[in-house]
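The structure appears right after this line, and notes come after that.
Read-outs throughout are calculated quantities, based only on the coordinates presented, and are distinct from any laboratory measurement. Being a predicted model, the structure only gives us computed values, none of them experimental. All Cβ positions, glycine included, derive from the backbone under ideal geometry; neighbour counts span all protein chains shown.
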Amino acid sequence: MLKTLQQIARIGQVTEPPPPADASLRLHALLQTRIHEIMGRALCIRHVDAGSCNGCELEIHALGNPIYNLEGLGMRFVASPRHADLLLVTGPVSRSMEMALKRTFDATPDPKLVVAIGDCGCSGGIFGENYASCGRVQNVIPVDVAVPGCPPHPNQILAGILSAITTRHPAKPR
């Protein structure tokens with residue numbers, strides 16, 4: 001033990017230089033700052049499954065993992081539409097979900113944003129409009145941003161959410 005301590009005292013503390021700053025960390029900080037500038041707090045999202053196959057839901061759940069870190073960007077999912085700023089709607093709106101979606105939209109306080117996710121939410125997908133489906137989300141409630149894909153990649157979903165925020169709340173001049 002004494003030899004080890006003498007060697008440490010003789011050589012000193014050896015460390016590696018810090019790695020260069022990662023560009024994605026700067027982007028992460030910039031997005032978080034921008035969301036807090038616009039909203040003044042965390043963006044609260046209410047997800048509504050209006051009749052999807054759950055493909056889009058899997059990609060939405062991926063937003064919560066450490067890779068995409070939705071909460072780290074200042075966004076979070078809430079259980080009540082009364083606490084939400086943004087509705088994230090997936091699937092073609094089934095006839096049985098039409099009234100529930102309208103009531104959820106009405107319960108969301110103004111100013112509210114709506115993002116339709118997936119081909120089904122954007123265009124009705126393979127289901128279209130028929131006796132059991134109202135088709136796309138736009139047929140039932142107004143949509144601010146549509147994110148196509150079957151299912152869309154989490155990066156596309158995140159870009160759609162950020163697009164909805166920035167179109168409703170343009171950048172302030174500095």
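Put a plus charge on the Cβ of each Lys and Arg, a minus charge on the Cβ of each Asp and Glu, and nothing anywhere else: the dipole of segment 43-168 about its Cα centre is then about 240 debye. Largest GNM mean-square fluctuation across D106, D144, D119, computed for the chain with C-alpha springs under 10 Å, falls on D106. Projecting label points 7 angstrom from Cα along Cα→Cβ for D106 and I67 puts them 4.1 nm apart. Once C-alpha pairs closer than 8 Å and six or more residues apart are averaged by separation and normalised to the residue number of the chain, the relative contact order reads 20 percent.
Within the listed set T108, T90, T15, the residue fluctuating most in the Gaussian network model of the chain (springs between alpha-carbon atoms under 10 angstrom) is T15. Contact order for segment 24-124, expressed relative to its length and based on alpha carbon pairs under 8 Å spaced 6+ residues apart, stands at 32 percent.
Here Rg/Rh (Cα atoms, Kirkwood Rh) was calculated from the structure, and among [x] 1.08; [y] 1.23; [z] 0.97 it sits at label [y]. Considering only I67, I117, I157, the mean-square fluctuation computed in a Gaussian network model of the chain, springs between alpha carbons under 10 angstrom, is largest for I67.
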